[in-house]
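The values are calculated or read from the model by the stated rules, or taken from the named source; none is laboratory data. Treat the numbers as computed from the prediction; the structure is a model and nothing was measured. What goes into the accessible areas is simple: the full protein's heavy atoms, side chains included, and nothing from ligands, DNA or RNA. Shrake-Rupley method; radii C 1.70, N 1.55, O 1.52, S 1.80 Å.
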Amino acid sequence: MAGGSSSADSVTSRAFALLGAFDEEHRRLTLTELAERAGLPRSTAHRLLGELVEWGALARAADGAYVVGRRLWDIGLLAPVQAGLVEQASPFLHDLYGATRATVHLAVREGTECLYLDRLRGHSSVPVVSTVGSRLPLYPTGVGKVLLAHAPREVQLAVLSDLRPLTPYTVTQPGTLRRQLEAVRRDDVATTAEEMSLGACSIAVPVRRGEAVVAALGVVVADLRRDRTRLLAGLQVAARGIGRSLGR
């Protein structure tokens, strides 16, 4: 019996290793790439990949590469923190989008990264690098700075120790970022100007369930100087609405 359990655990860990080979920079992988990234023999990877494809966890693209399957995404949406939050927030995101016509983001913190739960794409040509389910650094985005400002101290220290420039305008000085985070906690709003991608500025506010910050809501536009007041007012109304819904 113990031997059977050990074998099952081994198969499970290998399957998880294959699924874990995918990340933001590796969305399409060949059999050889998957075997190498998972540290598995090619024959073992091939057999397990067949089972994962059959179950729907992975799918084969037209060129033979493997991609994450729809069934994994469907299951991920059932996670309580995501499913309830996305469902409750959806009407308010659509109202905010209708009022601003800007790209709207709903995000939560996952470790030292910003996980995007929902996004409504605006009509303008502002460059937006996020997608639903993607993870980006916390420090160069509006929603990320909100989440970082309210993160545990150890998370803040980890982020502050590894600030890398993504554009010429990315804040990479720990002292400057600390002051920005203090301002976010004081004013309940975070802004960025071309820190994540050139031509894109963002403004974001916290979403609270009671006193706890559980998410961040933000919009991305080309320039904040003209519409900052209007965008902030819309974000605050939407964030309070989401918070009330979560409270119920």
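Cα axis of helix 80-100 to longest principal axis of the chain: angle in degrees, 0 to 90, nearest 10?
40
In terms of the Cα gyration tensor, with a ≥ b ≥ c the square roots of its eigenvalues, is the range 167-248 rounded because a/c is under 1.5, prolate because a/b exceeds b/c, or oblate?
Verdict is oblate for the range 167-248.
Quick check on the chain: helices-only [θ] at 222 nm, where DSSP H runs of length 4 and up contribute -39,500 (n - 2.57) each and the sum goes over total residues. Nearest 500, please.
Numbers: 9 runs with 119 residues, N = 248.
Mean residue ellipticity, 222 nm, calculated: -15500 deg cm²/dmol.
How much of the accessible area of the chain, probe 1.4 Å, is carbon plus sulfur, in whole percent? Write down the numbers at each step before the final one.
On the way: 6880 of 13070 Å².
The C+S portion of the solvent-accessible surface of the chain is 53 percent.
Accessible area per residue for the range 107-244 in Å², computed with a 1.4 Å probe and the full protein assembly in place, what is it?
Values: 6530 Å² over 138 residues.
Counting only protein heavy atoms, the per-residue value for the range 107-244 is 47 Å².
First check a/c for the range 61-219, with a ≥ b ≥ c the square roots of the eigenvalues of its C-alpha gyration tensor; if it is under 1.5, answer rounded, and if not, answer prolate when a/b is larger than b/c or oblate otherwise.
Working: a/c = 1.39, a/b = 1.30, b/c = 1.07.
Here the range 61-219 falls in the rounded category.
On C-alpha positions alone, give me the angle between the axis of helix 42-55 and the longest principal axis of the chain, in degrees, nearest 10.
For helix 42-55, the angle is close to 60 degrees.
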